[in-house]
Amino acid sequence: MTPHNDRSALAKKFAQYKADFPILSQTIHGKPLVYLDNGASAQRPMAVIDAEQRYATSMHANVHRGVHTLSQRATDAYEGARERVRSFLNAKSSNEIIFTRGTTEAINLVAQSYARPRLGPNDEILITWLEHHANIVPWQMVAAATGAKLVVAPINQAGELDLAAFKSLLSTRTRLVATSHVSNALGTVLPVREIVAAAHAQGVPVLLDGAQAVPHFALDMQELDCDFYVFSGHKLYGPTGIGVLYGREALLEEMPPWQGGGDMILSVSFQGTTYNTLPYKFEAGTPNMSGAVGLAAAIDYVDRIGLADIAEFEQDLLVHATHALTAVAGVRIIGTAADKASLVSFVVDGVHPHDLGTILDQDGIAIRTGHHCAMPVMDFFGLPATARASFAFYNTKAEIDQLATAVASARALFI
Ligand SMILES: *Cc1c(COP(=O)(O)O)cnc(C)c1O
């Protein structure tokens, strides 16, 4: 990480990027848009929009097998995007990069293709209390189909994983650990290195849900040493409908395809079918080439800015937001982990989160309110919902001050 003793130099560097995002320059209800819902979906820079348009206007045809020029261009673009994802994650081989529709589909792939054939009664899948529904429900479905049990590691009042309890729940029956890298509901960064080490010590593979981590800090699959890692393009300033499953090659090799169709086969006859090699074995049907190209452009874009600088700048925003919101009477922050990504979940005494969200929208401020697809986390804190402001590198301290002022005014309407 570049040390930026001069905070204002960092702020100055980041002040230039908002202009790269055309959607951010509009007004909402007559007020300049303040977009603080990046944890649900981040906006796309012109570089991503341009890359998808270039693909559509000069390269598109169906990929693989084509002998004509456009098919070769489309194939090169799509496979080039795969290689870009590989280098971004520092995976060993592009065979380990499977394109999916997003985080949700990637987890379902692992649940159906890795877990389901291996699990039986008495086997356990270990998750945590912090998971997004996408990292709960696919395991419940597999558990229901196989008789296996879903075991949930507890958290503390700060919204941190109880690592000792997690380790004690790892047993000879555990077949897979699946945890988030960063909680989307609270912002907690989980101790993934300790989780991986503890699981591997028992010979248990680990899937990490990186949907909220990938936009905020640099990753290295070989150093992290997890077995599966999943994320979505649209939370990384890329398109929707594209995501990634990273899987250790030896495990992916052992796994059967989970969907059948074109592209995932080498030969088909009515006597039987020979499956294609990695990574195509898991990509049945025409893939989202345009989305993959857009995702590669998003990766180029964040890499140009530098994830180390992004992490440092966003931590500054997080500290500022935590102070600004704590200073508002009646505000309580939910999720006070020592290690957090740039996201603040909060409740306001006497104001329902949905009312708050609606009132803030009138000021042009977009936040998310609800259970954030993490109902167990809400239950843990005895809340039906929270308000959540999630920050990207194009946000500013001035926007956060506007948020705090608007929250204070909203509360004044109710007391
Ligand atoms: C958003 C999110 C998901 C689901 O991602 P999709 O893009 O909707 O598939 C899963 N886990 C976490 C932590 C998320 O933030």
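The values are calculated or read from the model by the stated rules, or taken from the named source; none is laboratory data. Remember, predicted model here, so these are calculated numbers, not experimental data. When we count neighbours, we look across all protein chains shown, and the Cβ atoms used for this are built from the backbone with ideal geometry, even at glycine. What goes into the accessible areas is simple: the full protein's heavy atoms, side chains included, and nothing from ligands, DNA or RNA. Shrake-Rupley method; radii C 1.70, N 1.55, O 1.52, S 1.80 Å.
Observations, loosely collected:
- When A218, A201 are screened for being aliphatic (A, V, I, L, M), under 20 Å from F231 (Cβ atoms) and away from the ligand (no atom under 12 Å from the Cβ), only A218 passes.
Table: residues versus (1) touching a Ser or Thr at 6+ places or on another chain (Cβ under 9 Å); (2) under 30 Å from S71 (Cβ atoms); (3) free of Cβ contacts under 8 Å to residues at least 40 places away in the same chain.
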position: G272; (1), (2), (3): no, yes, yes
position: N276; (1), (2), (3): no, yes, yes
position: S290; (1), (2), (3): no, yes, no
position: G306; (1), (2), (3): yes, no, no
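- Verdict on G66 being open to solvent by less than 40 Å² (accessible area, probe 1.4 Å), outside any helix (DSSP H, G or I) and touching a Leu at 6+ places or on another chain (Cβ under 8 Å): no
- Residue that is least open to solvent (accessible area, probe 1.4 Å) [pool: residues in region 173-194 that are more than 22 Å from A143 (Cα to Cα) and more than 15 Å from the ligand (Cβ to nearest atom)]: P191
- Residues of region 91-149 classified as within 11 Å of the ligand (Cβ to nearest atom), part of a loop (DSSP other than H, G, I, E, B) and more than 26 Å from G285 (Cα to Cα), total: 4
- The residue of region 387-410 that is farthest from P353 (Cα to Cα), among those that are in a strand (DSSP E or B) and out of contact with any His (no Cβ under 7 Å at 6 or more places or on another chain), is S390.
- Some residue of region 371-386 being acidic (D, E) and surrounded by fewer than 17 Cβ atoms within 10 Å (Cβ to Cβ): yes
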